[in-house]
Amino acid sequence: MNSNYDLAWLRYDKVSADGAGREQSLALQQLQGYLSNIVMADGVSSQVFRTAIQELTKGIGSLTGEQPSLSHTVEADRFLAVGTLEDTGNLGHLPLLNDSLEAAEAARLGEEGYVIREVAREGKDYIVIAGRTEKGLLYGVFHFLRLLQTGQASEALDLVEAPKYQLRMVNQWDNMDGSIERGYAGQSVFYQDNKIVSDLTRVRQYARMLASVGINGIAINNVNVHEVETKLITPELLPDVARVADVFRDYGIRLYLSVNFAAPLELGGTSTADPLEPVVQEWWKERAADIYRYIADFGGFLVKADSENRPGPFTYGRDHADGANMLAEALEPYGGLVLWRCFVYDCHQDWRDRKTDRARAAYDHFKPLDGRFKDNVILQIKNGPMDFQVREPVSPLFGAMKQTNQMLEFQITQEYTGQQRHVCYLIPQWKEVLEFDTLCQGEGSKVKDIVAGQVHPYKYSGITAVSSIGDDYNWTGHYLAQSNLYGYGRLLWNPELSAEEIAEEWTNMTFGDDQAVVNTILDILMESWPTYENYTSPLGVGWMVVPHYHYGPDVDGYEYSKWGTYHFADRDGIGVDRTQATGTGYSAQYVGANAALYDSLETCPDELLLFFHHVPYTHVLKSGKTVIQHIYDTHFAGVEQVEQWIVRWDALEKDKLDQQRYTHVKERLLEQLESAKHWRDVINTYFYRKSGIQDQHNRVIY
Ligand code: GCU
């Protein structure tokens with residue numbers, strides 16, 4: 001494993017008084033008096049508290065070049081006062097924390113919120129950073145440091161923050177041999193040679209990065225649980241798993257494991273994995289007892305069952321509620337959760353079979369089970385009904401189950417969106433998903449509120465995502481792909497933040513505040529998702545990728561396959577008819593006006609047209625263009641956009657950026673350009689040959 005790493009957005013580069021970092025420098029100058037003295041309440045000693053203090057001292061030390069002093073008493077007239085609301089913490093005769101908050105504000109904080117506020121009392125002037133709990137304090141510290149880094153702290157400090165979501169998780173798809181399923185940034189930082197690595201330095205650094213954006217849970221192994229990983233829940237491997245849990249605990253993050261539904265059978269304990277067999281139930285209870293002996297705050301199990309050839313309850317004629325509840329019962333005495341994935345579909349479909357529609361599968365399987373799951377089960381649902389395509393509709397399963405906890409699964413790793421060789425900033429895509437109004441309880445039943453448990457009163461809910469990191473020096477393969485990991489965390493804390501705000505924050509923290517650099521990176525990020533969509537598969541149809549690798553174009557790669565992923569292009573037209581009258585009826589899984597919107601050719605939004613309808617190439621879109629002309633135009637435009645980025649990147653003064661990052665991004669942009677051209681020419685040529693229709697502008701098509 002590569003043990004060298006970049007500090008990503010936690011660089012805390014020293015701010016100089018002139019040139020780069022001017023805004024930060026002004027903010028720092030104004031706060032200088034406060035920053036040199038940190039005063040903390042007495043008697044608090046939890047590890048998370050210590051982490052918070054370490055982060056604060058380290059961050060300030062690095063940004064200002066001066067180590068702050070730490071004390072329990074007030075000596076200076078200006079200082080930073082840190083602690084938790086639970087500390088009755090008095091600093092000498094100065095009321096510290098409780099008194100600086102109104103009761104209503106204190107209530108709003110919840111378990112993980114914090115307040116950052118300037119207070120003037122009895123001739124002292126101080127900035128309070130306080131959480132209700134130590135975790136809240138840690139998040140408050142990271143927020144404060146972010147304000148310093150991005151030069152925003154010069155405005156009067158007065159904020160109260162709490163996260164929108166209860167579970168804010170990442171899923172590692174890491175295997176113990178060190179490989180990462182759909183990993184595009186090197187090998188695992190967790191495993192090597194079928195063991196958990198002995199040196200957890202990089203894992204600790206990753207925990208810092210995650211905590212700095214508010215992540216509070218992590219499942220550390222691939223959802224496809226192979227032979228060796230099946231043993232992670234046994235006493236043979238639990239001591240090592242516990243070491244990893246210790247690292248994450250220091251940063252307020254709970255550890256979860258993906259489990260193999262057939263584990264009792266495969267580990268030789270039982271002759272079946274039938275969830276209704278007492279011997280199987282007992283086996284899982286014993287495993288739970290083992291796990292909690294090693295990891296008292298273990299989060300729970302993540303389960304991919306009856307999905308893509310993984311074992312599950314169907315083998316025994318049982319359903320998903322039977323399977324999930326059996327595991328939930330084993331974890332229940334300890335407060336553990338079962339995160340049960342809904343990515344269940346027929347992956348052995350006959351392509352000749354036009355009735356079966358993969359998009360329907362999750363809803364058809366799970367909706368009828370509403371009310372059957374125990375309350376420590378959460379259904380984990382991918383954002384779309386297919387599989388993390390550049391464009392697909394929102395899964396109609398969100399909100400469709402009133403009595404079953406739900407959480408949303410995004411994919412940070414760019415499996416279908418350029419594999420971290422292309423820039424594709426995904427926050428705008430995720431925001432569209434979160435803002436989607438399902439109408440399940442009438443208008444205003446948005447996905448963002450459903451998975452916060454605010455539409456139906458779910459006991460547990462939240463958001464998770466497949467992580468994008470590996471042991472590459474820069475963590476994410478493409479330097480600019482760090483923005484997706486960063487932005488993911490920020491969005492989960494506060495989904496009201498705009499994609500631009502998040503991108504700007506990340507860019508400032510990572511690249512300083514040189515205006516030309518910041519503007520160039522910001523523009524590239526903000527244009528990147530539409531650009532990627534432009535030169536890849538059009539109008540929501542998806543899937544025109546090289547099978548299995550999912551990088552580069554292969555229009556018919558999946559067309560005659562078993563995966564349920566078709567576009568049905570012929571000489572007359574293209575698209576999947578998912579309407580009620582003539583198609584698969586998928587559109588009817590949406591509620592009311594949404595079902596009607598998608599079902600009708602007249603109202604279906606252009607960007608999803610081919611997901612819902614099969615149309616002739618000459619069909620006229622709302623944009624006024626025909627489908628075929630749209631395909632040609634977007635594919636030319638996508639490539640031109642990447643060419644523009646390269647011109648802008650070349651125009652940057654090289655000393656405004658370190659050479660390593662400058663060159664790295666340039667190389668990736670060049671690769672993106674080549675790949676985009678390939679996409680353009682393959683797609684345009686394919687559809688020109690199929691349709692025989694000329695490009696109106698007579699550009700080169702082969
Ligand atoms: C996709 C991906 C697989 C992954 C699966 C899942 O199909 O290509 O590698 O295992 O999703 O989410 O389980």
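The table below gives the values:
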item: Residue 401 vs. criteria within 16 Å of the ligand (Cβ to nearest atom) and either at pLDDT below 95 or part of a loop (DSSP other than H, G, I, E, B) (or both); result: no
item: From the options 596, 651, 581, residue that is under 24 Å from residue 523 (Cα atoms) and among the aliphatic types (A, V, I, L, M); result: 651
item: Answer residue from region 148-168, given it is hydrophobic (A, V, I, L, M, F, W, C) and either under 29 Å from residue 24 (Cβ atoms) or within 16 Å of the ligand (Cβ to nearest atom) (or both) and is modelled with the highest pLDDT among those; result: 162
item: Which listed residue, of 386, 407, is at negative phi, within 16 Å of the ligand (Cβ to nearest atom), at pLDDT 95 or above and assigned to a strand (DSSP E or B); result: 407
item: Region 539-592: number of residues that are within 16 Å of the ligand (Cβ to nearest atom), among the aliphatic types (A, V, I, L, M) and either closer than 21 Å to residue 617 by Cβ or assigned to a loop (DSSP other than H, G, I, E, B) (or both); result: 2
item: Any hit, region 469-480, residues being within 16 Å of the ligand (Cβ to nearest atom), of a type in the set (Gly, Ala, Ser), touching a Ser or Thr at 6+ places or on another chain (Cβ under 7 Å) and at pLDDT 95 or above; result: yes
item: Enumerated helices (runs of 4 or more DSSP H) restricted to region 480-536, each holding at least 3 residues that are buried (at least 19 other Cβ atoms within 10 Å of the Cβ) and within 17 Å of the chain's Cα centre (by Cα); result: 482-493, 499-511
item: Residue 415 assigned to a loop (DSSP other than H, G, I, E, B), over 23 Å from residue 592 (Cβ atoms) and within 16 Å of the ligand (Cβ to nearest atom); result: yes
item: Residue 315 being among the hydroxyl-bearing types (Ser, Thr, Tyr), assigned to a loop (DSSP other than H, G, I, E, B) and modelled with pLDDT of 95 or more; result: no
item: Residue check, residue 434 more than 18 Å from residue 532 (Cα to Cα) and of a type in the set (A, V, I, L, M); result: yes
item: Residue match in region 287-304 (condition: of a type in the set (Lys, Arg) and touching a strand residue (DSSP E or B) at 6+ places or on another chain (Cβ under 7 Å)); result: yes
item: Single match in 239, 235, 278 (criterion: closer than 18 Å to residue 314 by Cα and at pLDDT 95 or above); result: 278
item: Residue check, residue 443 surrounded by fewer than 24 Cβ atoms within 10 Å (Cβ to Cβ) and within 17 Å of the chain's Cα centre (by Cα); result: no
item: Residue in region 332-346 that is nearest to residue 315 (Cα to Cα), counting only those that are crowded, with 24+ Cβ neighbours inside 10 Å and away from the ligand (no atom under 13 Å from the Cβ); result: 338
item: Failed item in (1) in contact with a helix residue (DSSP H, G or I) (Cβ under 8 Å, 6 or more places away or on another chain); (2) within 23 Å of residue 416 (Cβ to Cβ); (3) free of Cβ contacts under 8 Å to residues at least 12 places away in the same chain, with residue 549 passing the rest; result: (1)
item: Filtered residues of region 386-398 (kept if within 15 Å of residue 365 (Cα to Cα) and over 17 Å from the mean Cα position of the chain (by Cα)); result: 386, 396, 397, 398
item: Given (1) touching a strand residue (DSSP E or B) at 6+ places or on another chain (Cβ under 6 Å); (2) closer than 20 Å to residue 570 by Cβ, index of the condition residue 591 fails; result: (2)
item: Residue, modelled with the lowest pLDDT, within region 39-57, restricted to residues that are farther than 18 Å from residue 247 by Cα and surrounded by fewer than 22 Cβ atoms within 10 Å (Cβ to Cβ); result: 44
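The values are calculated or read from the model by the stated rules, or taken from the named source; none is laboratory data. The structure presented is a predicted model; accordingly, all values stated were derived computationally and were not measured. Note: ideal-geometry Cβ built from the backbone for every residue, glycine included; neighbour counts use all protein chains shown.
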